[in-house]
Amino acid sequence: MRRTGLVVWGAHQLAASMVRPGVTTGDIDKTVEEFFIRHGAVPLFKGVPGKVPFPAVCCISVNDEVVHGIPGPRVLVNGDIVSIDTGCSFNGWCGDSAMTHPVGSVDPQARKLLECTSGVLALAIQLMGQRSRWSDVATEMARYVREHGFSVVENFVGHGIGRKMHEDPQVPNFCTPAFRRNHDFELVPGLVIAVEPMVNMGTKKVRVMPDHWTQCTVDGLPSAHFEHTIAITETGPVVLTAAPVSGESLEPRS
Ligand code: MG
Ligand code: MG
């Protein structure tokens with residue numbers, strides 16, 4: 001799964017290098033698709049069933065689009081924030097990661113939103129090495145976002161990941177008594193989960209667009225999304241979709 005994670009990381013580096021005013025979201029998606037093919041990886045998002053099958057290898061969501069945006073002719077402009085979410089499988093194992101980028105220069109509140117969302121993912125990764133149950137991590141994630149004056153999206157959650165992209169358990173970025181009672185899980189070595197906080201500047205409420213996929217905030221305010229695939233090991237959490245460390249190579253060996 002680490003090797004898959006490196007390919008996903010590489011796709012994100014390439015996508016990030018393209019983010020600037022004037023590029024279309026469709027251009028970014030096409031480049032990521034070619035990257036996966038070049039690396040012998042199978043894109044996971046294309047063809048995901050829905051009212052219409054998802055048509056692209058990335059979800060690209062701009063400004064008030066929270067998740068599941070469909071790449072296409074939309075041109076990025078200065079001041080946008082753009083969330084790119086993608087995943088692939090390699091040798092039968094899956095990886096899934098998302099990040100949100102500023103386009104050109106963004107206003108201070110948008111920058112704060114990006115910092116809060118990447119910050120709450122970093123907090124979750126740290127706490128995964130310190131807490132024994134997910135409910136305790138999720139409670140602190142929600143508190144962190146609240147203290148920054150933003151809201152956690154509750155309609156969408158993270159997930160277990162392995163041979164398939166979406167496996168049990170569900171991994172919310174907030175905690176309720178019902179979750180603690182009925183769905184909580186232990187953070188034990190061998191568990192691999194995709195943790196993916198979605199943070200809104202205003203209301204947590206989202207609605208789906210007529211394309212059947214794109215989820216937007218109901219108040220039109222921006223939203224950010226960061227995600228990593230993370231393994232719990234005997235020595236703590238390992239971020240499988242992080243940059244290569246010494247001795248690792250992006251180029252998949254057979
Ligand atoms: Mg994802
Ligand atoms: Mg995911």
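The values are calculated or read from the model by the stated rules, or taken from the named source; none is laboratory data. None of the values given here were measured: they were computed from a predicted structure. As a convention, Cβ positions derive from the backbone with ideal geometry for all residues, glycine included, and neighbour counts pool all protein chains shown. Areas reflect the complete protein model, heavy atoms only, side chains present, ligands, DNA and RNA absent. Shrake-Rupley method; radii C 1.70, N 1.55, O 1.52, S 1.80 Å.
Considering only residues that are part of a strand (DSSP E or B) and either without any contact (Cβ under 8 Å) to a residue 24 or more places away in the chain or touching a helix residue (DSSP H, G or I) at 6+ places or on another chain (Cβ under 7 Å) (or both), which ones fall in the stretch 231-254?
Hits for the stretch 231-254 are Ile232, Pro237, Val239.
How many residues are within 13 Å of ligand 2 (Cβ to nearest atom) and among the acidic types (Asp, Glu) if we restrict to the stretch 59-91?
Final tally of qualifying residues: 1.
Output the residues belonging to the stretch 204-230 that are more than 16 Å from ligand 1 (Cβ to nearest atom), open to solvent by less than 20 Å² (accessible area, probe 1.4 Å) and either assigned to a loop (DSSP other than H, G, I, E, B) or closer than 27 Å to Gly162 by Cα (or both).
Those that are more than 16 Å from ligand 1 (Cβ to nearest atom), open to solvent by less than 20 Å² (accessible area, probe 1.4 Å) and either assigned to a loop (DSSP other than H, G, I, E, B) or closer than 27 Å to Gly162 by Cα (or both): none in the stretch 204-230.
Mind checking which residues of the stretch 47-72 are within 12 Å of ligand 1 (Cβ to nearest atom), free of Cβ contacts under 8 Å to residues at least 60 places away in the same chain and surrounded by fewer than 24 Cβ atoms within 10 Å (Cβ to Cβ)?
The answer is Val48, and nothing else.
Could you please tell me which pairs satisfy a Cβ distance under 7 Å, a separation of 6+ or placement on different chains, a first residue in the stretch 1-25 that is closer than 14 Å to Ser61 by Cα, and a second residue that is assigned to a helix (DSSP H, G or I) and open to solvent by less than 30 Å² (accessible area, probe 1.4 Å)?
Short answer, once both residue conditions are applied: Ala15/Ile28; Ala15/Val32.
In the stretch 97-203, which helices (runs of 4 or more DSSP H) lie fully inside it and hold 1 or more residues that are open to solvent by 20 Å² or more (accessible area, probe 1.4 Å) and closer than 21 Å to Val82 by Cβ?
108-128
Within the stretch 94-116, is there a residue that is within 16 Å of ligand 2 (Cβ to nearest atom) and among the polar types (S, T, N, Q)?
yes
Kindly evaluate Thr241 against the criterion of being under 29 Å from Gly149 (Cα atoms), away from ligand 2 (no atom under 16 Å from the Cβ) and among the β-branched types (Val, Ile, Thr).
Answer is no for this residue.
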